[in-house]
1. Only loop residues by DSSP count here, and only those with at most 13 other Cβ atoms within 10 Å; note down the trypsin sites (Lys or Arg not before Pro) in segment 48-115 that meet that.
2. What is the order of 74, 57, fewest Cβ neighbours within 10 Å to most?
3. Can you compute log10 of I(q)/I(0) for segment 44-115 with the Debye formula, treating each Cα as one identical point scatterer, at q = 0.17 Å⁻¹?
4. Got the relative contact order for segment 44-115 handy, in percent, Cα pairs under 8 Å and 6 or more residues apart?
Amino acid sequence: MMKTKPNHMKTITTIIYPALAIFVFAYSGFSPMVHAVSPPPDGGYPNGNTAEGQKALLSLTTGAFKTAVGFLSLQSDTGGSSNTALGAGALFANTGDSNTATGVVALFSNTTWRG
């Protein structure tokens, strides 16, 4: 005597896929939408410069490859290149090139090259 498998598995599969699709569609309509940060963060400036923080790289006119992160970091720097300031007021009055300052008011009034 030969046994046959029950056919109820096909019926369950046929019901589950449409039910799952309806659930996903309904849930996505009620889920909260993703919002961008407002206002958007500061970011890339011309010549490879990057600033994040209130008044960071505020006086920028020329120069390239500077990164300023923190309130007033590289605030007075108008030219120069390859400076990195991490921290509030870091390299605030900098006029030199190729400097890295990490910490609050680090190299605050630096005027020379520190390669």
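Computed from the coordinates by the stated procedures, all read-outs in this text should not be read as laboratory data. None of the values given here were measured: they were computed from a predicted structure. Cβ placement follows ideal geometry from the backbone for every residue including glycine, while neighbour counts extend to all protein chains displayed.
1. Filter output for segment 48-115: 114.
2. So the residues, fewest neighbours to most, are 57, 74.
3. -0.43
4. The normalised contact order for segment 44-115 reaches 22 percent.
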